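All remarks here apply to the structure that follows.
Since every read-out is calculated from the coordinates, none of them should be taken as a lab result. In this text the structure is predicted, and so the values were computed from the model without any measurement. Here Cβ is always computed from backbone atoms with ideal geometry, including for glycine, and neighbour counts include all displayed protein chains.
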């Protein structure tokens, strides 16, 4: 029998999503916060304090938010799996009929569909029903802790980039430096995430960079207006 050695990237989708989302939010939200405060003509200390607070608050929010949302997905998956286990234990013939019907709907003849269903359920009936009825596999199941840690970590790394940039920049160059560094960081994120996901880099990179620049421009405008109003 020929061994299946093709390499696919779909098993990374949960982790990749959490990491890209975390890093993207870290770069954009912290850069926007820094630029908004800087546009209000705040002092260097105030800007850095706001940036650090944004990093810590954002990382905590990402960790908790991802854990809660992915846990809800995991709970739903576990409930479906428990239901499927009960049905396999108490109504195995009905479940075999369901699996047969699925393969018939995919184009197999009735007899061949029955033979395939019987063969696949010999060793691990639950696995076959999880894949065909529920669309769940062990490789793609929700992992709350993994999503939480990866999101918080990637957010912290992303947020640190504009924060370090503004801390090292001179007072006259802090806004320009933050925008340029954040833009380059977003380009790097777009390129790396598209490579990890096996996609062409142009569209995801442009999407990330343009979205980030629009958010930064809007926040600067609001920061300037508020700073002028309260001055």
Using only alpha carbon pairs under 8 Å that are at least six residues apart, calculate the relative contact order of the chain and give it in whole percent.
-> 40
On the formula 1/(1 + (r/R0)^6), with r taken between the Cβ atoms of residue 226 and residue 170 and R0 of 25 Å, the FRET efficiency rounded to 0.05 is 0.55
So for the pair residue 75, residue 94, with labels modelled 7 Å out along Cα→Cβ, what separation do we get in nm?
-> 2.7
Give me the angle, in degrees from 0 to 90, between the Cα long axis of helix 13-39 and the longest principal axis of the Cα atoms of the chain, rounded to the nearest 10.
-> 20
Assuming R0 = 22 Å, what is the FRET efficiency of residue 141 and residue 105, from their Cβ-Cβ distance, to the nearest 0.05?
-> 0.35
Relative to the first principal axis of the alpha-carbon coordinates of the chain, what is the inclination of helix 92-105, with its axis defined by its Cα atoms, in degrees from 0 to 90 and to the nearest 10?
-> 70
When a/c is below 1.5 the answer is rounded, else prolate if a/b is larger than b/c, else oblate, so apply that to segment 65-123 with a ≥ b ≥ c taken from the square roots of the Cα gyration tensor eigenvalues.
-> prolate
Enter the angle in degrees (range 0 to 90, nearest 10) between the Cα long axis of helix 174-197 and the first principal axis of the Cα atoms of the chain, meaning the one along which they spread out most.
-> 10
What helix-only [θ] at 222 nm does the chain give? Using -39500 (n - 2.57) per DSSP H run of at least 4, over all residues, to the nearest 500, the answer is -28500 deg cm²/dmol
Exposure proxy check on 175, 64: fewest-to-most Cβ neighbours within 10 Å is 64, 175
How large is Rg/Rh for segment 10-230, to two decimals, with Cα atoms and a Kirkwood Rh?
-> 1.20
The alpha-carbon center of segment 156-171 and that of segment 26-95 are separated, in whole Å, by 23
Fewest-first ranking of 35, 191, using other Cβ atoms within 10 Å as the exposure measure | 191, 35
Fewest Cβ neighbours within 10 Å first, please rank 43, 69, 156 accordingly.
-> 43, 69, 156
Given N residues in segment 183-231, what is Rg(Cα) / (2.2 N^0.38 Å)?
-> 1.57
